[in-house]
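In what follows, a structure is listed as structure tokens, so that the remarks can point back to it.
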Amino acid sequence: MEIDLSPKLAKKVYGGDGGSYFAWSPSELPMLREGNIGAAKLALEKNGFALPKYSDSAQVAYVLQGTGVVGIVLPEKEEKVLPVKKGDAIALPFGVVTWWYNKEDTEFVVLFLGDTSKAHKRGEFTDFYLNGSNGIFTGFSTEFVGRAWDLEEDVVKTLVSKQSGKGIVKVSGVNLPEPKKEHRDGMTLNCEEAPLDVDIKNGGRVVVLNTKNLPLVGEVGLGADLVRLDGSAMCSPGFSCDSALQVTYIVRGSGRVQVVGVDGKRVLETTIKAGNLFIVPRYFVVSKIADPDGLEWFSIITTPNPIFTHLAGSIGCWKALSPQVLQAAFNVDADTEKLFRSKRTADAIFFPPPK
């Protein structure tokens with residue numbers, strides 16, 4: 001059965017004065033369910049506060065816009081309060097409790113991508129809020145809450161009923177903890193400021209997130225990368241050779257994408273733009289060409305240390321094959337094979353636009 005790979009935009013799930021929560025649905029993007037991947041976005045307005053919660057999925061969070069504060073409590077650890085900004089990637093393992101806050105005028109937007117193989121629903125995140133109208137506190141009786149926290153019944157009723165908001169609220173008159181820069185160590189990596197793993201003039205740049213520069217992704221079980229493609233440049237056709245899925249969110253710009261699958265069939269050919277999410281199935285080959293204004297995307301790969309095989313350029317696997325094999329494979333003469341081999345001799349995965 002063929003699966004629709006078309007890129008999709010997120011849809012609003014809930015929200016209010018403090019901000020909104022958006023998600024991609026596996027009913028509209030079937031590869032989420034097939035690949036056990038969840039995807040969502042949090043957008044906080046000024047003084048927006050995302051109440052403390054934990055998720056049923058390990059995730060990588062990526063700050064798309066603005067600056068904000070995130071509180072993180074790893075299992076059996078003390079709270080860390082991090083200042084975060086555009087370009088920050090944060091690894092969130094199973095069992096971590098988080099809250100998010102925006103005290104600035106600019107909207108604070110965070111992308112969440114993660115593995116739902118152990119989740120309640122394949123292809124979706126299920127969040128468990130500690131507080132609010134849908135919080136865990138509201139589910140227990142006053143007797144159980146009073147016994148657990150050694151509180152009188154009137155205090156329990158206040159704790160249970162006082163916060164009527166759901167998921168995201170707008171706060172005033174409350175001084176939340178000040179973030180500490182030292183808490184960023186080992187918890188986050190700014191992909192826009194990190195050393196480049198690939199830098200091709202007039203082509204593009206890549207920063208790879210893995211266990212070397214952010215060891216915590218090993219606990220999440222995911223790798224990630226930020227790719228910035230210059231105007232009209234091309235990303236070489238390639239595939240994940242370690243059975244990983246590639247989940248791509250378009251951060252900025254627009255361009256074209258083609259994906260080729262089994263039996264050489266082109267399974268996707270479309271235009272991509274900011275806000276789109278699409279998933280490349282295992283072993284399928286993908287290539288992108290940026291529009292004149294460039295193209296930027298953030299991807300997670302379903303392994304913490306991904307390995308890719310590129311087909312074009314000097315590092316392409318076709319160039320590694322012997323001339324006689326290529327002649328026989330393409331059924332061409334030696335001159336045509338030499339012409340094919342002589343092109344794209346640079347050690348690159350990005351190709352500048354034709355002159």
- Item | Residue list for the range 164-179, restricted to those being within 15 Å of TRP99 (Cα to Cα), open to solvent by less than 100 Å² (accessible area, probe 1.4 Å) and assigned to a loop (DSSP other than H, G, I, E, B) | GLY165, GLY167, VAL171, VAL174, LEU176, PRO177, PRO179
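How many of the residues making up the range 1-47 are open to solvent by 70 Å² or more (accessible area, probe 1.4 Å) and under 16 Å from GLY165 (Cα atoms)?
We begin by selecting, within the range 1-47, every residue open to solvent by 70 Å² or more (accessible area, probe 1.4 Å); these are 1-2, 9, 11-13, 17, 27, 33-34, 45-46.
Checking which are under 16 Å from GLY165 (Cα atoms) leaves us with 13, 17, 45.
Here the count works out to 3.
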- Item | Qualifying positions in the range 277-298 - open to solvent by 10 Å² or more (accessible area, probe 1.4 Å) and either among the aromatic types (Phe, Trp, Tyr) or under 17 Å from ILE37 (Cβ atoms) (or both) | PRO281, ARG282, TYR283, PHE284, VAL286
- Note on the structure: Scanning the range 323-350 residue by residue, the ones that are at pLDDT below 75 and part of a loop (DSSP other than H, G, I, E, B) total 7
- Message: Being under 32 Å from the mean Cα position of the chain (by Cα), assigned to a loop (DSSP other than H, G, I, E, B) and small (Gly, Ala, Ser) is the filter here; which residues of the range 111-157 pass it?
- Response: SER117, ALA119, GLY123, GLY132, SER133, GLY135
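Hey, among GLY294, GLY275, which residue is at positive phi and either in contact with a helix residue (DSSP H, G or I) (Cβ under 7 Å, 6 or more places away or on another chain) or in a loop (DSSP other than H, G, I, E, B) (or both)?
Numbers: GLY294 fails: either in contact with a helix residue (DSSP H, G or I) (Cβ under 7 Å, 6 or more places away or on another chain) or in a loop (DSSP other than H, G, I, E, B) (or both).
From the options GLY294, GLY275, the qualifying one is GLY275.
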- Unmet requirement for SER133, which otherwise passes all of (1) open to solvent by less than 50 Å² (accessible area, probe 1.4 Å); (2) in contact with a Lys or Arg (Cβ under 6 Å, 6 or more places away or on another chain); (3) among the polar types (S, T, N, Q): (1)
- Item | Which numbered condition ALA244 fails, given (1) modelled with pLDDT under 85; (2) of a type outside the set (Ser, Thr, Tyr); (3) assigned to a strand (DSSP E or B); (4) open to solvent by less than 30 Å² (accessible area, probe 1.4 Å) | (3)
- Residues of the range 73-123 satisfying the condition of being free of Cβ contacts under 8 Å to residues at least 60 places away in the same chain, aliphatic (A, V, I, L, M) and over 29 Å from PRO195 (Cα atoms): VAL97
- Message: If ILE250 meets every condition in (1) over 23 Å from the mean Cα position of the chain (by Cα); (2) closer than 30 Å to GLY15 by Cβ apart from one, which number is that one?
- Response: (1)
- LYS201 passes all but one of the listed conditions (1) buried (at least 17 other Cβ atoms within 10 Å of the Cβ); (2) in contact (Cβ under 8 Å) with a residue 40 or more places away in the chain; the exception is number (1)
- the range 69-95, residues that are under 18 Å from the mean Cα position of the chain (by Cα) and among the small types (Gly, Ala, Ser): GLY87, ALA89, ALA91
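For the range 44-53, indicate whether the set of residues that are touching a residue at least 40 places away in the same chain (Cβ under 8 Å) and within 21 Å of TRP297 (Cα to Cα) is non-empty. Please lay out each step first, then the result.
Taking the range 44-53 first, the residues touching a residue at least 40 places away in the same chain (Cβ under 8 Å) are 44-53.
Add one more test, that the residue is within 21 Å of TRP297 (Cα to Cα), and what stays is none.
No, the range 44-53 contains no residue that is touching a residue at least 40 places away in the same chain (Cβ under 8 Å) and within 21 Å of TRP297 (Cα to Cα).
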- Message: Being touching a Gly at 6+ places or on another chain (Cβ under 7 Å) and open to solvent by 10 Å² or more (accessible area, probe 1.4 Å) is the filter here; which residues of the range 60-79 pass it?
- Response: PRO75, GLU79
- Query: Which residue pairs have Cβ atoms closer than 9 Å, lie 6 or more positions apart in sequence or on different chains, and pair a first residue in the range 174-188 that is over 15 Å from THR67 (Cβ atoms) with a second residue that is outside any helix (DSSP H, G or I) and open to solvent by 100 Å² or more (accessible area, probe 1.4 Å)?
  - Reply: none
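The values are calculated or read from the model by the stated rules, or taken from the named source; none is laboratory data. No experiment lies behind these values; they were computed from the predicted model shown. Ideal geometry is used to build each Cβ from the backbone, glycine not excepted, and the neighbour counts take in all protein chains shown. For accessibility, only protein heavy atoms count, side chains too; no ligands or nucleic acids. Shrake-Rupley method; radii C 1.70, N 1.55, O 1.52, S 1.80 Å.
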